[in-house]
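Let me give you the structure first, and then I'll get to my questions.
Where a number appears in this text, it was derived from the coordinates with a stated rule and is not lab data. This one's a predicted model, so the numbers in the text were calculated from it and none came from an experiment. Cβ placement follows ideal geometry from the backbone for every residue including glycine, while neighbour counts extend to all protein chains displayed.
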Amino acid sequence: MNKIPNNKAWWLVLPMFLLVAFSAIIPLMTVVNYSLQDIFDQNTAYFVGVEWYQETLRNTRLHDSLLRQFGFSFSVLIIEIPLGIAVALMMPTRGWQASAVLILLALPLLIPWNVVGTIWQVFARGDIGLFGWTLNNLGIDYNYTSNPLDAWLTVLLMDVWHWTSLVALLCYSGLRAIPDAYYQAAKIDRASPWAVFRYIQLPRLKNVLVIGVLLRFMDSFMIYTEPFVLTGGGPGTSTTFLSQTLTQMAIGQFDIGPAAAFSLVYFLIVLLVSWVFFTTITHMERSDNGNKHDK
Amino acid sequence: MATNMISKRNLGMLMYLIFVLLPIYWLLNMSFKTNDEILGQLTLWPTDFTLNNYITIFTDASWYMGYVNSMTYVAMNLVITLLVSLPAAYAFSRYKFVGDKHLFFWLLSNRMAPPAVFLLPFFQLYSSVGLFDTHLAVALAHCLFTIPLAVWILEGFMSGVPREIDETAYIDGYSFGRFFIKIFIPMIRSGIGVTAFFTFMFSWVELLLARTLTSVDAKPISAVMTRTVGAAGIDWGVLAAAGVLTIIPGILVIWFVRNHVAKGFALGRV
């Protein structure tokens, strides 16, 4: 749609801008301020310049949790995106079943995050939880409180349980928007189910998948509450992700300066990855459209 | 072969639904058990059925006020978000103005700020303006991530409404305000429904900010739940019952928007 140039539109945006700026810019500036100072207590602080930023380049603890974070977010995307598409393809399309499945799938999304942690904390326990108990009775030695790998897998499973529905619902709505005529044409051409998926459904899912991948990347990269409740970051540091490391530094050890410096770096990483991802996708779209015009 | 395909599909769907529901069933199951039964032996359903866990919650003001507080700030957040996002989204969908693209990206970038270290500045900010421990503080803080999403969703829906409709209305002598309320808003009803759903969802499930900005008067239910960890261990039964009760508002909300979900989850962008 062609938009009309009109700077008076700022008046419509202004209330929203002021409201968000109040909660966004002032705290951000405070964090920038922290990151440049060595703070002992409320009244004693020294300006240290970029020292904390240099420190973040050397701090192996931060690097480890950053790596863990990337590993986790990557695993989340690798599992949840294909699984979400698969679930969306399996969902019934009409009748009461469709509504019922929709509501049931949306359930995990609407549970407070600490309750999600609690649910899995109980569910995965070897003594009182169905999941842990079943695994142990099948002869699998599973204990998420003492085995780092089990803990990591449990957090991953919890995240898959929690968020795959979002991808599935996004894809489901993308699929519903495909006109029936496309499928009829495919039927006449005797297209295989794979061809239907590859050439009709998948291209139509691109827009919603961009949203899905972006939301899942951002949220899994900032995950805090669920693993905190489930494992407390342990055993050892196997499930201590980035936000938790930062919280420990800022509140536990009161190392506010380095924590602030690193959270700004962290913020920039998320911003950069999202931006690269977003521009790549829009670029692809543009070249797609360009090709269409050439023909 | 066709029936074979369908049944395979249904089987897959059924298995995924079981995966989704089992952990929730386990919580529900636990909420009707006594602590002795929970810790004693593993039972697939409550053998010693009890409602005591729920009675504990509904008879203790410090418990049920947690729910009231949570719902209050979620409702306030919803109203604020819709009031400021509707005009903003309209501006983004209809007009070009100085800095519009940067503003939009800045808005979305707020969703990407890691909350952990921003907690302390938030606490200081809201304390300094005298809002600490009020519902309004939490509602305003949650605006940080609900408004960007709301503007994004609404803009998608509004772009789907042809501009000719606006122009016709203006020619017919409608003022902007009357056109917006009488004609435009009814046209994007399902968009507003979905926006409300997402706003509710992200505000209701958030814990960190809500817990940091409150202490007594506006304490959210998720913070109250930590009370179940006492000197005598965890009161599993009450914890489970409280957890089950946090799921119910979500079910109600998804029930109301279920017919718009198919279109709306794509954020109006397919």
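Relative contact order for chain B: what percent, with Cα pairs under 8 Å and sequence separation of 6 or more? Mind showing how you got there, number by number?
Details: 260 pairs, mean separation 86.0, N = 270.
The value is 32 percent.
What FRET efficiency, computed as 1/(1 + (r/R0)^6) with R0 = 45 Å and r the Cβ-Cβ distance, is obtained for B:Ile181 and B:Leu21, rounded to the nearest 0.05? Walk me through the numbers before you get to the answer.
Details: r = 42 Å, r/R0 = 0.93.
After rounding, the FRET efficiency stands at 0.60.
Taking amide hydrogens as modeled 1.01 Å from N in the peptide plane, which residues meet the under 5 Å criterion relative to B:Lys96, leaving out close sequence neighbours?
Here the answer is A:Ile4, A:Asn6, since their amide H atoms fall under 5 Å of that of B:Lys96.
Find the percent of Cα-Cα distances in region A:170-284 that exceed 25 Å, and round it to a whole number.
On the way: 3163 of 6555 pairs.
That tail contains 48 percent of the Cα-Cα pairs.
Give me the Kirkwood hydrodynamic radius of region A:79-230 in Å, from all C-alpha pairs, to one decimal place?
Working: mean 1/r = 0.0574 Å⁻¹.
Taking every pair of different Cα atoms in region A:79-230, averaging 1/r and inverting gives 17.4 Å.
Starting from the Cα of B:Lys96, draw a straight line to each of the aspartates and glutamates and keep only those under 15 Å, dropping any in the same chain fewer than 8 residues away.
In chain and number order, the partners are B:Glu155.
Per residue, how big is the convex hull around the C-alpha atoms of region B:142-211? Give it to me in cubic angstrom, could you? The partial results should precede the final answer.
Working: hull volume 5.8 nm³, N = 70.
Hull volume normalised by residue count: 83 Å³.
Using every alpha carbon pair in the protein assembly as shown, what percent of pairs falls into each 10 Å bin from 0 up to the bin containing the largest distance?
3, 16, 26, 27, 18, 8, 2, 0
Right, something else. Just list whichever of A:Lys8/B:Lys101; A:Lys3/B:Lys101; B:Lys101/B:Lys182 have alpha carbons separated by over 19 Å in the model shown.
On the way: A:Lys8/B:Lys101 16 Å; A:Lys3/B:Lys101 13 Å; B:Lys101/B:Lys182 29 Å.
From the list (A:Lys8/B:Lys101; A:Lys3/B:Lys101; B:Lys101/B:Lys182), the Cα-Cα distance tops 19 Å for B:Lys101/B:Lys182.
I've got another one for you. Length gain on complete extension for the stretch A:Asn33 to A:Ile140, per 0.36 nm per residue less the alpha carbon to alpha carbon distance?
Working: separation 107, 0.36 × 107 = 38.52 nm, distance 5.10 nm.
My answer for the length gained is 33.4 nm.
If I build a Gaussian network model for chain B, linking alpha-carbon pairs within less than 10 angstrom, which residue out of B:Ser109, B:Ser93, B:Ser62 has the largest mean-square fluctuation?
Comparing B:Ser109, B:Ser93, B:Ser62 in a Gaussian network model of chain B, the most mobile one is B:Ser109.
How shielded is B:79-88 by partner chains, expressed as the average number of their Cβ atoms within 10 Å of its Cβ atoms? Let's see the in-between values first.
Working: counts 0, 3, 2, 0, 3, 9, 3, 2, 7, 9.
Taking the mean over all residues of the peptide, I get 4.
Here's another thing I want to ask about it. Taking only DSSP H segments of four or more residues, each worth -39500 (n - 2.57), what value at 222 nm results for the protein assembly as shown once the sum is divided by all its residues, to the nearest 500 deg cm²/dmol?
Values: 26 runs with 404 residues, N = 565.
After summing the helix terms and dividing by the residues of the protein assembly as shown, the value is -23500 deg cm²/dmol.
Follow-up question, since we're still on this one. Take B:Phe197, A:Phe267 and order them by how many other Cβ atoms sit within 10 Å, fewest up front. Each step should come with its number before you reach the end.
On the way: B:Phe197 24, A:Phe267 19.
The most exposed by this proxy come first: A:Phe267, B:Phe197.
Under the definition of partner shielding as Cβ atoms of other protein chains within 10 Å of a residue Cβ, what is the mean value for peptide B:95-105?
Values: counts 10, 7, 11, 4, 3, 6, 0, 0, 5, 1, 4.
Mean shielding by partner chains, rounded to a whole number: 5.
Would you mind counting up the charge near B:Ala91? Only other residues with Cβ under 15 Å from its Cβ, with Lys and Arg at +1 and Asp and Glu at -1.
+3
Report P(r) for region A:241-283: all Cα-Cα distances, bin width 5 Å, range 0 to the bin holding the largest distance, values in whole percent.
P(r) over region A:241-283, rounded to whole percents: 6, 23, 22, 16, 11, 9, 8, 4, 2.
So, one more: Running Debye on chain A with equal point scatterers at the Cα sites and no solvent, what base-10 log of I(q)/I(0) appears at q = 0.09 Å⁻¹?
Relative scattering, expressed as log10 I(q)/I(0), comes to -0.63.
What ranking do A:Met158, B:Met112, A:Met29, B:Met76 get, fewest neighbouring Cβ atoms within 10 angstrom at the top? Working shown, then result.
Values: A:Met158 26, B:Met112 23, A:Met29 11, B:Met76 19.
With the sparsest Cβ surroundings first, the list reads A:Met29, B:Met76, B:Met112, A:Met158.
Compute a Gaussian network model of chain B, connecting alpha carbons closer than 10 Å, and tell me which residue from B:Gly243, B:Gly173, B:Gly12 fluctuates the most.
Comparing B:Gly243, B:Gly173, B:Gly12 in the GNM, the peak value goes to B:Gly12.
Sort A:Thr60, B:Thr134, B:Thr199 so that the residue with the fewest other Cβ atoms within 10 Å of its own Cβ comes first and the one with the most comes last. Mind showing how you got there, number by number?
Numbers: A:Thr60 7, B:Thr134 18, B:Thr199 27.
In increasing order of surrounding Cβ atoms, one gets A:Thr60, B:Thr134, B:Thr199.
Quick one: grab the alpha carbon gyration tensor of region B:1-160, order the square roots of its eigenvalues as a ≥ b ≥ c, and give me rounded if a/c is under 1.5, else prolate or oblate depending on whether a/b is larger than b/c.
Working: a/c = 2.91, a/b = 1.36, b/c = 2.15.
Here region B:1-160 falls in the oblate category.
Inside 10 Å of the C-beta atoms of A:166-176, what's the mean count of C-beta atoms belonging to other chains?
Numbers: counts 2, 0, 3, 5, 5, 2, 4, 12, 5, 3, 6.
Per-residue shielding by partner chains comes out at 4.
For chain B, modelled as a Gaussian network with Cα springs under 10 Å, which listed residue fluctuates most, B:Phe179, B:Phe92, B:Phe198?
B:Phe179
Next up: Two-decimal Rg/Rh of chain B from alpha-carbon positions, Kirkwood Rh? Write out the running numbers ahead of the final one.
Details: Rg = 22.9 Å, Rh = 21.7 Å.
Over the Cα atoms of chain B, Rg/Rh equals 1.06.
How large is ³J(HN,Hα) for each residue in region A:193-210, as worked out from phi by the Karplus curve 6.51 cos²θ - 1.76 cosθ + 1.60 (θ = phi - 60°), to whole Hz, x for Gly and Pro?
In residue order, the calculated couplings are x, 5, 5, 4, 5, 5, 9, 10, 6, 4, x, 6, 8, 4, 4, 5, 5, 4 Hz.
Relative to the Cα centre, what is the charge dipole magnitude of the protein assembly as shown, using +1 at the beta carbon of each Lys and Arg, -1 at the beta carbon of each Asp and Glu, and rounding to the nearest 20 debye?
Values: 34 positive and 32 negative charges, 439 e Å.
Dipole of the protein assembly as shown, to the nearest 20 debye: 2100 debye.
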